[in-house]
Amino acid sequence: AELPTSLLTITTPCGPFVGTQSSSSSNDNNELCAVSIIRAGDSLLEVMRNIIPDVPVGKILIQRDESSSEKEAKLYYSKMPPHVSSKRVLLCDPMLATGGSACAALKVLKETYGVNLENVIFVNVISCPEGLKKLAAVYPMVKIVTAWIDPILNEEKFIVPGLGDFGDRFFNTV
């Protein structure tokens, strides 16, 4: 419902059916951009590219500072396609724990690339209340799509029960 669509008529054995398709599938991929927070976000990016193969892609490398008690997010790299400021952005990161990485990525999109944050959908798999509250407080205009909300963060700022390091699990580097 949040992505641009167009009508499509399909002829079935029982007659025509009018449905919708992603506008990106109908030669209008200029409206969307998928941005992954490297490395775990690349897992969701693969899915996006399966659905919308020609979607432009941006990358942001942010890592938590594991040596600090608050696990602050550190920006190392970002690269966006041209004209990202005029696109609807699907920001991909499978875990929303403290909200630090998501907030840092959104800051980069807004301040470095001029993205209107009302055009951003943060896509993830597992969230927790602390991260959702922080993201809603700092960037209330950003839409969040999550598959699951786990109850808490532990003292080490990991989602509980969670599933550990999503990137390590996905890329089999545990």
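Some points to look at:
- Segment 1-19, subset at pLDDT below 85 and not acidic (D, E), residue farthest from I144 (Cα to Cα): S6
- Test: S68 is more than 22 Å from D150 (Cβ to Cβ) and modelled with pLDDT under 90: yes
- Cβ-Cβ contacts under 9 Å between residues 6 or more apart (or on different chains), taken from a first residue in segment 2-16 that is closer than 27 Å to I121 by Cβ to a second residue that is assigned to a loop (DSSP other than H, G, I, E, B), are listed as L3/I52; P4/D28; S6/D28.
- Per-region count, segment 101-142, residues farther than 22 Å from F158 by Cα and assigned to a helix (DSSP H, G or I): 8
- Filtered residue count, segment 24-45, keeping only those that are open to solvent by less than 50 Å² (accessible area, probe 1.4 Å) and either closer than 18 Å to P4 by Cβ or at pLDDT below 85 (or both): 7
- The number of residues in segment 133-159 that are surrounded by fewer than 17 Cβ atoms within 10 Å (Cβ to Cβ) and either touching a residue at least 40 places away in the same chain (Cβ under 8 Å) or out of contact with any Cys (no Cβ under 8 Å at 6 or more places or on another chain) (or both) comes to 12.
- Test set (1) farther than 18 Å from L163 by Cβ; (2) in a helix (DSSP H, G or I); (3) among the small types (G, A, S) - A34 fails condition number: (2)
- Taken over segment 46-94, the criterion of being farther than 19 Å from V115 by Cα, in contact (Cβ under 8 Å) with a residue 40 or more places away in the chain, open to solvent by less than 40 Å² (accessible area, probe 1.4 Å) and not in a loop (DSSP other than H, G, I, E, B) is satisfied by M48 alone.
The values are calculated or read from the model by the stated rules, or taken from the named source; none is laboratory data. Just so it is clear, the structure is predicted and the values come from calculations on it, not from any experiment. Neighbour counts are summed over all protein chains in view; Cβ atoms, including those assigned to glycine, are modelled from backbone coordinates with ideal geometry. Only protein heavy atoms, including side chains, enter the accessible area calculation; ligands, DNA and RNA are left aside. Shrake-Rupley method; radii C 1.70, N 1.55, O 1.52, S 1.80 Å.
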